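Worksheet: one structure, shown below.
Readers should treat all values here as calculations from the given coordinates under stated rules, not as data from a laboratory. A quick note: this is a predicted structure, and the numbers were derived from the prediction, not measured. FYI the Cβ positions are ideal-geometry reconstructions off the backbone, even for glycines, and counts take in every protein chain you see.
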Amino acid sequence: MSEYCLPLFERFPGLINSLAYVGLTDLPTTVDRLDRLAADLDVRALYMKRDDLTGTLYGGNKPRKLEFLLGEALRAKASHVLTFGAAGSNHALATAIYAQRLRLKSISMLMPQPNAEYVRRNLLMCYRCGAELHACGGPLESATTRSRIYAATTMQMTRHWLREGRRPVMIPPGGSSPRGTVGYVNAGLEMATQVAGGALAEPDCVYVACGTLGTAAGLLLGLRMAGLRSRVVAVRVTTSEYANPASLQGLAVAANRFLHDLDANVPLLEVSNADVDVRDDYCGSRYAAFTPEGMAAVRRVRDTEGITLDGTYTGKTFAALMGDAADGRLRDKTVLFWNTLNSRDFSSEIAGLDYHNLPRPFHPYFEAPVQPLDNS
Ligand SMILES: *Cc1c(COP(=O)(O)O)cnc(C)c1O
């Protein structure tokens, strides 16, 4: 979009020709110092990485991954991309928005989740962007979900293959393949550049939400590549079957190999168990079920800094930071909170859209009440 060169390409120019990329974002995002909140919470220094402002069409963490994932779909001359998520998936929505912008069609396989206002908004916005939506599987935690999604996906892949003569390009949940994870390797290098430029002191810890792991794994790798020692505190917001230290470490190693295979100048790093910090104590009962601690964090950040967080990801993550601060563990620490939430508002785009246009399995999200804590 601009003349800005990603730190990843600056550092490893060999990747410019070997790694597919399409510019979708307004990078770098700024780092804000939150002095009032730091004083309130008893944190020595508190910064927020404003990835809520990654793009003008959509913000949050997904556009950084999609620059590489959709770049590859374009390179492969795909006409369709197919991805996965929960009904209110931010990833499915970001994919729908940027696929439309690139004249690709998007297909989303969506699983059930607890109801919330943002689920309605994201579904309507996906529809408005021309995404083909399929309800499938069962709750994330259910044993039969995986095989049901597999069956439904195989059917859609075949249907599109017969119709268009080409299979859609598959993008995994959350965009967290090694290729998508590269977006956050770059983000880690971007933060390192900002540290070197004096925008912030080197953080002792970086709090980030952890769902499908690509964000935390990429950051970990990018920060280590830049020689920073900041500890990545990955706050788990989904079942530990998916989000656990071994998977996080595995994805960081896979992304590292992926980049090294494209450009041998990318060093192969040791990512050890000791580097990986997955926090389990703020997830609550399940993915997308809001928690009192998470919603208290949402209110705290809104009331002190006027910045919006959410109940599924960033509220739970900030709650972990607040909990550690309350225990006095951040009194002498420089802390960075990585805001992964999209900040763009779609109220005007979806005003007047009728949910009856969506496939029937999604209607209950509009007819049943939202979860009790979703009352903001
Ligand atoms: C998807 C998402 C995350 C989780 O990122 P992963 O790379 O899947 O771990 C965090 N915050 C928000 C707001 C998201 O939409």
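Quick notes on this structure:
- Applying both filters, DSSP loop and at most 14 other Cβ atoms within 10 Å, to the trypsin sites (Lys or Arg not before Pro) of the stretch 186-275 gives 229.
- Exposure proxy order (Cβ contacts within 10 Å, fewest to most) of 4, 355: 4, 355
- In terms of Cα atoms, the Rg and Dmax of the chain work out to 19.8, 61 Å.
- Nonlocal Lys pairs with alpha-carbon distance under 23 Å, the chain (8 or more apart, or different chains): 12
- Placing one equal scatterer on every Cα of the stretch 290-339 and applying the Debye formula, the log10 ratio I(q)/I(0) at q = 0.13, 0.20 Å⁻¹ is -0.27, -0.63.
- Counting beta carbons within 10 Å around each of 242, 127, 98 and listing the fewest first gives the order 242, 127, 98.
- Where only alpha carbons of the stretch 74-180 are counted, the Rg and the Dmax (Å): 13.3, 38
- Within-12-Å neighbourhood charge of residue 112 [Cβ basis; K, R +1; D, E -1]: +1
- Prolate/oblate/rounded label for the stretch 23-141 (Cα gyration tensor, a/c 1.5): oblate
- Taking the DSSP bridge list for the chain and keeping only pairs wholly inside it, about 10 percent are antiparallel.
- Candidates 69, 268, 219: whichever shows maximal mean-square fluctuation once the chain is modelled as a Gaussian network with Cα springs under 10 Å: 268
- Diffusion constant of the stretch 218-376 at 25 °C, which comes from Stokes-Einstein with the Kirkwood Cα-pair radius and 0.890 mPa s, µm²/s: 133 µm²/s
- For the stretch 96-155: rounded, prolate or oblate by the Cα gyration tensor [a/c cutoff 1.5]: oblate
- In terms of Cα atoms, the Rg and Dmax of the stretch 293-376 work out to 17.0, 54 Å.
- Kyte-Doolittle at least 1.0, axis length at least 15 Å by Cα - qualifying DSSP helices, the chain: 214-225
- The modelled label-to-label distance for the pair residue 40/residue 199, using points 7 Å beyond Cα in the direction of Cβ, is 2.4 nm.
- For the stretch 198-249, convex hull volume per residue from C-alpha positions, Å³: 73 Å³
- The listed peptides 135-148, 305-318, 80-93, ordered by packing as a protection proxy, come out as 80-93, 305-318, 135-148 (highest mean of other Cβ atoms within 10 Å first).
- Distance between the pseudo-spin-label points of residue 167 and residue 354 (7 Å out from Cα toward the beta carbon): 3.9 nm.
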